1. Please work out how much length the chain gains when fully extended from ARG113 to ARG78, using 0.36 nm per residue of separation minus the C-alpha to C-alpha distance, in nm with one decimal.
2. Rounded to the nearest 10 Å², what accessible area does ASP302 show when all protein chains are kept and the probe is 1.4 Å?
3. Give the cross-link partners of LYS317 among the lysines, using a straight C-alpha distance below 30 Å as the criterion and excluding same-chain residues fewer than 8 apart.
4. Heavy-atom accessible area per residue, the chain, 1.4 Å probe: how many Å²?
5. Stretch SER141-LEU176 to full length: gain in nm at 0.36 nm per residue minus the Cα-Cα span?
6. Just how large is the dipole of region 255-362 about the Cα centre, in debye to the nearest 20, putting +1 at every Lys and Arg Cβ and -1 at every Asp and Glu Cβ?
7. Once you charge only the Cβ atoms, +1 for Lys and Arg and -1 for Asp and Glu, what is the size of the charge dipole of the chain about its Cα centre, to the nearest 20 debye?
8. LYS292: which lysines have alpha carbons under 23 Å from its alpha carbon, excluding same-chain residues fewer than 8 sequence positions away?
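The values are calculated or read from the model by the stated rules, or taken from the named source; none is laboratory data. Computed from a predicted model, the values in this text were never measured in an experiment. FYI the Cβ positions are ideal-geometry reconstructions off the backbone, even for glycines, and counts take in every protein chain you see. Surface areas here come from the heavy atoms of the whole protein model, side chains and all, with no ligands, DNA or RNA. Shrake-Rupley method; radii C 1.70, N 1.55, O 1.52, S 1.80 Å.
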Amino acid sequence: MAAIDFHTSGVPDYAVPPGETIREFLDDLGMSQRELAARLGLSPKHVNRLIQGLVPLSSDVAQRLELVTGMPARLWNRLEADYQSAQQRLRLEGELAAAVPWARSMPVRELVRRGILPEEPKDDLSRVQQLLALFGVAHLSTWQDLYESPVASFRQTRSFEAIPSAVAVWLRLGELAARDVECREFDAAGLRAALPRLRQLTTQPPGLIAPIMRDICARHGVAVVFVREITGARASGATCWLSPGKAMLLLSLRYRTDDHFWLTFFHEMGHIVLHGKNDIWIEDSVSADDPKEAEADRFASDLLIPRTLLPRLSSLKSLGSVEEFAHELGIAPGIVVGRLQHDGFWPASQGNRLKRKVDLESDF
């Protein structure tokens, strides 16, 4: 991603208004501002403000100055344009300088290491501009509106400390990846009808599930993307709407076993199926107290192991019985082991060899 170095040699750190040239003209001729105002047909006050750079030099005034000074109007217009451009450059530099602390809080080294940001230029102002471009915003205030609030909500509902900048970057990389996924218009009924097929994928070899999962979801308006965790983000999944007709389902692959993977996937799917299009949902492996989070948890749990069959979990004592139960349900045995551990029927050390590793390629 290209970045501009604003500290180019020879570029002044000030802007010169065209009024300075008017002042020089008056000094050379020994003419007062009042006389110039009379010759231009303007008020003395306006000429004074023009000389100080407090009002713009209009094309009409440029034409009048050509008649009075002999200097072509196009040159007066050029002086004004250069002045406005210099002022804008200085304003931009000021805004970028104010955002330097924000940029320093970002995981720049990790982004450079992943090839997302360039190694050079790496001065503070260039890094600010690169990060603003990465997020697709022109001002830090816009970034705060779009990313700071959902990230703050995610942090407040967790017992650990997530790094806000890491969460925001991870979420943004997911958005960028999702925008490249071609999807049909969102179809809620079609997506619900596709859930059994998605559930069947739990039994497939992990290396085969990604393209099939993505294809099924894309046909119903959901872009599934994988972005490995940015250090400190501590998020396992997220959901947001890129447009009214396209949702993003983002997985960090933070937990690399099939029980965590599928529970997270269907949890995020629950948000898409059950909840509105205005919220951004970010989760770790432990749901917060938000009722909608609990609802998404129930959606995922009930889809994988129907509630009517939960009483049978306590009777599963061996790996063989787990495999038979999983085969009967049509899901991966690792998912059953994860549920037994979660519900306290088995210790965390029991049955883990039935869990399969899910090691998918990240989109970033």
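1. Numbers: separation 35, 0.36 × 35 = 12.60 nm, distance 4.40 nm.
Between ARG113 and ARG78, full extension yields 8.2 nm more.
2. Its accessible surface works out to 50 Å², give or take rounding.
3. Cross-link targets: LYS355, LYS357.
4. Details: 18190 Å² over 364 residues.
Per residue, the chain has 50 Å² of solvent-accessible surface.
5. Numbers: separation 35, 0.36 × 35 = 12.60 nm, distance 2.03 nm.
Full-extension gain reported as 10.6 nm.
6. Details: 12 positive and 18 negative charges, 93 e Å.
Here the size comes out at about 440 debye.
7. Values: 42 positive and 47 negative charges, 145 e Å.
Dipole about the Cα centre, nearest 20: 700 debye.
8. Straight-distance partners of LYS292: LYS246, LYS277.
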